[in-house]
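Participant: Below are the C-alpha cells for one structure; questions will follow.
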Amino acid sequence: MVLLPKISEEFLVAILASIDEAIHAVNTDGVTIYYNEVAAKHDGLRINEVLGKPLLEIFPSLNEKSSTLIKVLKTKKPIYNQSQSFINLYGKKIETINTTLPIFSSGKFLGAVEIAKDYSKIKELAEKLADIQKSLKVKSTKETEPQAHFQFEDILTKNKVFLETKKKAEKLAKSQSPILIFGESGTGKELFVHAIHQASTRQKGPFIAQNCAAIPESLLESILFGTTKGSYTSAVDRPGLFELADGGTLFLDELHTMPLVLQAKLLRVLEDGSVRRVGSTKEQKVNVRVVSAMNIDPLKALENKLLREDLFYRLNVLTFELVPLRERKEDILFLTNRFIQSFNLQLVKTVEGLDEEVSSLFLSHAWPGNVRELKHTIEYMMNLCEERLLTTTDLPPIFKTKIYESSKEKPKNLNTKLRQYEKELIEEALNESGGNIQQAARLLGIPRQTLQYKLKK
C-alpha cells in the first residue's frame, strides 16, 4: 500500500490561488473561509474585506433565496451553472455563472464552495455572435444571395423510403407550419433543412441556423430573443435570432439540448408569433418558420424529460425521420461513387472506384457516423490512393481497427451463423415489404405462420 504525502495548508492555498477561476468557500455558518484574487476581481472587492465575514454581511443585496452558497448550505445539494446577480458594497452590479458544491469530509458536512465565471464577458460573446448574424443577414439582403445553399436535388439516394421522405418534404415545404426532423448524426438533417427553405415561399428571406448545444444555457435566451438596454451590465438594445430571421426560416439544431424553460418561451413564439427581448416588457410580432432537428427519437427525448410534451405536440405537425445509412444499403456504393467523382475533381485524380474487398467491407459496415462518416472515409482514401482503385491499404486506421474488432466477434458455430443469416433475411424482407408480414413471407417463400413464429422466437 502506497501512503500519499499529506498536503500542507500552504501548498493547498497555493494550488487554489493558481486556478484561473473565482473561488469562494464558506463554513456551515456562512462565514467566508477562502476567497481568491480572481473572485475579488470579479466582485470588485478586496480579499481582506470578505475573509472571516458572514456572507450576507458583505453581499447585503443577496438573501437566502438568491445566494447559491446559502442554498447549498441549506440543501447540501450541488447547483450547476446557475446565474447570479447582486450589488456589491460599492453599488456596482455583478453578474456571474456559478457552480456551487457542498463540502464533505469523512461524511461530515463542512460547508460549501463556489466556482464562478464572469457573466458579463460571456454576454459580450453573445452580443458579438448576434452582431455577426445580423451583419450576415444585411449582407445577404444587399447581395440577394441565398443563405441556404442546398436543394432537394442535392440529396442523393436510391432508397425507396428516403425518396418518399424527400417527395413528402418537398410538397410540405410550402406550408407555414413548424417542422421537426430527427435522425442519427450524419444522416443529412441540415442539408434537408436547407432544401426545405429553398423549396418554401420564404426562400428569398433570411435563413439562420443555431445549434442549441453549442451555446451555454445562460446565453441561449439572449441570443434567441434579444436583449434590452439595462437588462444586465453593459447590455444594449439588440435583436435576437427570431427578429433577424423575420420573414424567413430559423433552424434550431439539437433542440433537445435547449433548457425546458426556454422551450416554454419557444412554444409561445410558435403559438402567437410574439417575441419579448430579455429585460423588456414589450412584445414584438415576428413572421418566422421554425425548423428544428434532433439526433435522437423525439419519443425518447420525451421519456427522458429532454423535451416538453406540449412543445413536441406543437412541432409534431410535420415530422420527418431520416433513415440511417445502414438501412439504405443501396446508397452505400451509390454515394461512394458520387464522392469519388467529386474528390477526383478536387484532387485532380482519376480513381475509378473500389476494389471488390473494399466494396464488401463497405456493405457490411454499420456506418455509425452515416453519410458523414462515409464521405470522410472516401476523402481520406482519395488523398492516399495512387492507383486506379481504392483498396484496403487506403482505409483509415480507425476503420481498419473496427474491421479487426468485428472479425474477432464473428461466431464460429455453424448454427449461430445460420440463425444470424436467417435474421438478416427476415429483416430485409420486412423492410422491403414496409412491415407487411404477409408480403414478407411471400418474399421469403415461407408460410405466414412460420414467419410469425420466427419473429416471436
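Throughout, read-outs are computed from the coordinates displayed, never taken from laboratory work. Fair warning: this is a prediction, and the values are worked out from it, not measured in the lab. Glycine gets a Cβ as well: all are built from the backbone with ideal geometry, and neighbour counts include every protein chain shown.
Participant: Quick one: length gained pulling Glu432 to Thr401 fully straight, 0.36 nm per residue minus the C-alpha distance?
Facilitator: Extending this stretch completely gives an extra 8.0 nm.
Participant: A follow-up question, please. How many nm is it between the label spots at Glu379 and Ile33, if each spot is 7 Å from the Cα in line with the beta carbon?
Facilitator: Taking the simple label geometry, Glu379 and Ile33 are separated by 5.2 nm.
Participant: Relative to the present Cα-Cα distance, how much length would full extension add between Glu424 and Ile296 at 0.36 nm per residue of separation?
Facilitator: Here the segment from Glu424 to Ile296 would lengthen by 43.6 nm.
Participant: Shape of region 319-359 from its Cα gyration tensor (a ≥ b ≥ c, root eigenvalues): rounded if a/c is under 1.5, otherwise prolate when a/b > b/c, or oblate?
Facilitator: Oblate, since a/c reaches 1.5 and b/c is not below a/b.
Participant: Order these by the 10 Å Cβ neighbour count, fewest first: Thr68, Thr100, Thr392.
Facilitator: Placing the least packed residue first, the sequence is Thr392, Thr68, Thr100.
Participant: How far, in nm, would the chain grow between Glu387 and Lys454 when pulled straight, counting 0.36 nm per residue and subtracting the alpha carbon separation?
Facilitator: 19.4 nm
Participant: At 7 Å along Cα-to-Cβ for each site, give me the label-to-label distance between Ser364 and Asp272 in nm.
Facilitator: Taking the two extended label points, one gets 6.1 nm.
Participant: What is the distance in Å between the Cα centres of region 46-112 and region 290-357?
Facilitator: After rounding, the separation between the Cα centres reads 46 Å.
Participant: At a 10 Å Cβ-Cβ cut-off, how would you order Lys74, Lys456, Lys189, fewest neighbours first?
Facilitator: Ascending number of Cβ neighbours within 10 Å: Lys456, Lys74, Lys189.
Participant: Can you put His376, His256, His194 in order of Cβ neighbours within 10 angstrom, beginning with the fewest?
Facilitator: In order of increasing Cβ crowding within 10 Å: His376, His256, His194.
Participant: Let me ask you something else. Can you compute the modelled spin-label distance between Val261 and Arg338, with each label point 7 Å from Cα toward Cβ, in nm?
Facilitator: 4.4 nm
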